[in-house]
1. Looking only at segment 4-40, count how many residues are in a loop (DSSP other than H, G, I, E, B) and either surrounded by 10 or more Cβ atoms within 10 Å (Cβ to Cβ) or of a type outside the set (D, E) (or both).
2. For the condition charged (D, E, K, R), closer than 27 Å to P124 by Cβ and surrounded by 11 or more Cβ atoms within 10 Å (Cβ to Cβ), what is the one hit in D103, D71, D110?
3. Consider C57 carefully, then state whether it is surrounded by fewer than 10 Cβ atoms within 10 Å (Cβ to Cβ) and not hydroxyl-bearing (S, T, Y).
4. Just name the residue that is nearest to F115 (Cα to Cα) out of those in segment 25-50 that are over 15 Å from the mean Cα position of the chain (by Cα) and free of Cβ contacts under 8 Å to residues at least 24 places away in the same chain.
5. For segment 84-128, enumerate the residues that are of a type in the set (V, I, T) and assigned to a loop (DSSP other than H, G, I, E, B).
6. Going by what's in this entry, would A64 be described as out of contact with any His (no Cβ under 8 Å at 6 or more places or on another chain), surrounded by 10 or more Cβ atoms within 10 Å (Cβ to Cβ) and outside any loop (DSSP other than H, G, I, E, B)?
Amino acid sequence: MRTQYHFRHSERGLCAWSVERLIGLSRSLPRERVALSAIRELDEPFWCGAEGQKLTCRQVVDHARLMLECDLAHPILLSSDGRVMDGMHRVGKALLEGRSEIDAVRFIVDPEPDFVGVDPDDLPYPNP
């Protein structure tokens, strides 16, 4: 798996969680079915990065390719408040396929972030 982070702005600064660590921490959490209509990120800018940034057509196609290649057998990861921490390509695929629900695991208490106040470009991204 390529190195990925989940980002969220907070009063402490930008928080970043290692998706690989989140997956490990979520292994024992029970699966649940979540309505796609409850996934708020479907109606928010999600992959744009910085505020006001726009995706190019090539970037849209890259995300479409990732949606088509992802496996819906793996549950998405939700924070304690129901926000997607990992799995938006799976959410997109489920929506494209006309599904109304998706498998998810939800943290009861969110893990502490791996990084706080670190610019995303300064995070470790080991070579594949």
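The values are calculated or read from the model by the stated rules, or taken from the named source; none is laboratory data. Not measured: the values here are computed from a predicted model. For neighbour counting, all protein chains shown are included, and Cβ atoms are generated from backbone atoms with ideal geometry for every residue, glycine included.
1. Residues meeting the conditions: 7.
2. When all the criteria are applied, what remains is D110.
3. yes
4. Going through the qualifying residues, I end up with A50.
5. I108, V109, V118 - these are the residues of segment 84-128 that are of a type in the set (V, I, T) and assigned to a loop (DSSP other than H, G, I, E, B).
6. In short, yes.
Here is a yes/no grid of residues against (1) farther than 14 Å from S10 by Cβ; (2) modelled with pLDDT of 95 or more; (3) small (G, A, S):
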site	(1), (2), (3)
K93	yes, yes, no
S100	yes, yes, yes
D119	yes, no, no
P126	yes, no, no
